[in-house]
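Participant: Supplied in C-alpha cells, the structure appears directly below.
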Amino acid sequence: MACEQYGYNPLAERSPAVSNIRNDIEQIGASMDAKTIRKWLKEAAALVDPAYWADDA
C-alpha cells in the first residue's frame, strides 16, 4: 500500500510518503511518529522481492 498509494520507494534518499502516511493516520484520530513509520516501512520493504524495486527504476 505504501508503494502503490503513497509512492514509497525504499531506495530513495527521501520520501514524502512518511509524512503523508503520518498525516492520514492523524486524520483518523490516531498518532504514530515518523520514526516508527520509517521503521515499519523498512521492515516491510525487506520482505519484498528485490526484483520489485529493480523493475521500478
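The values are calculated or read from the model by the stated rules, or taken from the named source; none is laboratory data. Predicted, not measured: the structure shown is a model, and the values here were computed from it. So basically every Cβ, Gly included, is an ideal-geometry build from the backbone, and we count neighbours across all protein chains shown.
Participant: Just to be sure, is Trp53 free of Cβ contacts under 8 Å to residues at least 12 places away in the same chain and not charged (D, E, K, R)?
Facilitator: no
Participant: Answer yes or no as to whether Glu4 is at negative phi and outside any loop (DSSP other than H, G, I, E, B). Please lay out each step first, then the result.
Facilitator: Values: at negative phi: yes; outside any loop (DSSP other than H, G, I, E, B): yes.
Considered against the rule, which asks whether it is at negative phi and outside any loop (DSSP other than H, G, I, E, B), Glu4 comes out as yes.
Participant: Can you tell me which residues in the range 9-45 are among the aliphatic types (A, V, I, L, M) and either touching a helix residue (DSSP H, G or I) at 6+ places or on another chain (Cβ under 7 Å) or at pLDDT below 95 (or both)?
Facilitator: If we filter the range 9-45 for residues that are among the aliphatic types (A, V, I, L, M), which is where we start, we get 11-12, 17-18, 21, 25, 28, 30, 32, 34, 37, 41, 44-45.
Those that are among the aliphatic types (A, V, I, L, M) and either touching a helix residue (DSSP H, G or I) at 6+ places or on another chain (Cβ under 7 Å) or at pLDDT below 95 (or both): Leu11, Ala12, Ala17, Val18, Ile21, Met32, Ala34, Ile37, Leu41, Ala44, Ala45.
Participant: Hey, any hits in the range 49-56 for a residue that's hydroxyl-bearing (Ser, Thr, Tyr) and part of a loop (DSSP other than H, G, I, E, B)?
Facilitator: Step one: list which residues in the range 49-56 are hydroxyl-bearing (Ser, Thr, Tyr), which gives 52.
Among the residues that remain, those that are also part of a loop (DSSP other than H, G, I, E, B) are: none.
No: the range 49-56 contains no residue that is hydroxyl-bearing (Ser, Thr, Tyr) and part of a loop (DSSP other than H, G, I, E, B).
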